[in-house]
């Protein structure tokens, strides 16, 4: 009985302290150990609150979704202001009914902005009816820092070399599964990109990719071997910590919509 009374008193006393703290507008604790780095205590109530955002809405095959409110929208169906061609001019790719279409001979297009670690969302659709086979069927690519490619390709009931198929880290790692939808249907890529780190012209940490294709995990923090190479071994070459995104012109009229990026940075860091 004494133990029950003691425990009941302890619980009541603790609840009273929490209520009192809330009444004074206090959050968390200041008498707990310091977290690594020495800036915040464990459960520190003075630590900045994460920003509140509108999470947006997912797309459907017939309806374009809404980007998160803190995203940099690279293409919303209206213009190519955030993109350039290899000469720095407005790209020759077409916009048809709010959809970006790779124009044959239009060349690769590159973002005017540069990004380091980031989250990228894009939606694409392979040409329909399908034509060609292997690498000649709905081919394009998404590049990070202008040099690391994630393959875009129509591999619905169509095969090619595995490290060059849809969602492959081209020339390096196939996706965990083939999650392709039929040509003509909209497909989504959601990529968490960790840029490589260099110091004194030496690689300190490789680039890494976590990726969902149509909502299915196809890469789980996969470390890249280096920059993309065709028929060659990938290698790293030192470069700036940030770089542009790019979409490849491989001669196929691949369509794109709803492209956005969210730079990754700790909310409470300068």
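The values are calculated or read from the model by the stated rules, or taken from the named source; none is laboratory data. Small disclaimer: the values here were computed from a predicted structure and weren't measured. Neighbour counts run over all protein chains shown; Cβ positions are idealised from the backbone, glycine included.
Go through the range 200-209 and give me each residue that's in a loop (DSSP other than H, G, I, E, B) and crowded, with 17+ Cβ neighbours inside 10 Å.
207
Give me the strands (runs of 3 or more DSSP E) completely within the range 51-114, filtered to those with at least 3 residues that are within 22 Å of the chain's Cα centre (by Cα) and under 18 Å from residue 245 (Cα atoms), ordered by residue number.
72-75, 109-111
For residue 169, indicate whether it is within 20 Å of residue 121 (Cα to Cα), assigned by TED's automatic domain parsing to the domain that holds residue 90, in contact (Cβ under 8 Å) with a residue 24 or more places away in the chain and touching a helix residue (DSSP H, G or I) at 6+ places or on another chain (Cβ under 8 Å).
yes
Exactly one of these conditions fails for residue 116: (1) at pLDDT below 90; (2) on the phi < 0 side of the Ramachandran plot. Give me its number.
(1)
For the range 58-91, which residues satisfy the criterion of being surrounded by 15 or more Cβ atoms within 10 Å (Cβ to Cβ) and free of Cβ contacts under 8 Å to residues at least 24 places away in the same chain?
Selection gives 66, 91.
For the list (1) surrounded by 20 or more Cβ atoms within 10 Å (Cβ to Cβ); (2) assigned to a strand (DSSP E or B); (3) in contact (Cβ under 8 Å) with a residue 60 or more places away in the chain, I need the number of the one condition that residue 151 fails.
The one condition residue 151 does not meet is (3).
Hey, any hits in the range 163-175 for a residue that's under 17 Å from the mean Cα position of the chain (by Cα) and surrounded by fewer than 18 Cβ atoms within 10 Å (Cβ to Cβ)?
no
Return the residues of the range 124-135 that are surrounded by fewer than 21 Cβ atoms within 10 Å (Cβ to Cβ) and not in a loop (DSSP other than H, G, I, E, B); say none if nothing qualifies.
Selection gives 134, 135.
Scan the range 210-220 and give yes if some residue there is buried (at least 19 other Cβ atoms within 10 Å of the Cβ) and assigned to a loop (DSSP other than H, G, I, E, B), otherwise no.
No: zero hits.
Could we say that residue 249 is in the same structural domain as residue 130 (by TED's automatic domain parsing), in a strand (DSSP E or B), under 22 Å from residue 77 (Cβ atoms) and touching a residue at least 24 places away in the same chain (Cβ under 8 Å) here?
No: the conditions fail for residue 249.
Would you mind stating whether residue 138 is crowded, with 21+ Cβ neighbours inside 10 Å and closer than 18 Å to residue 251 by Cβ?
yes
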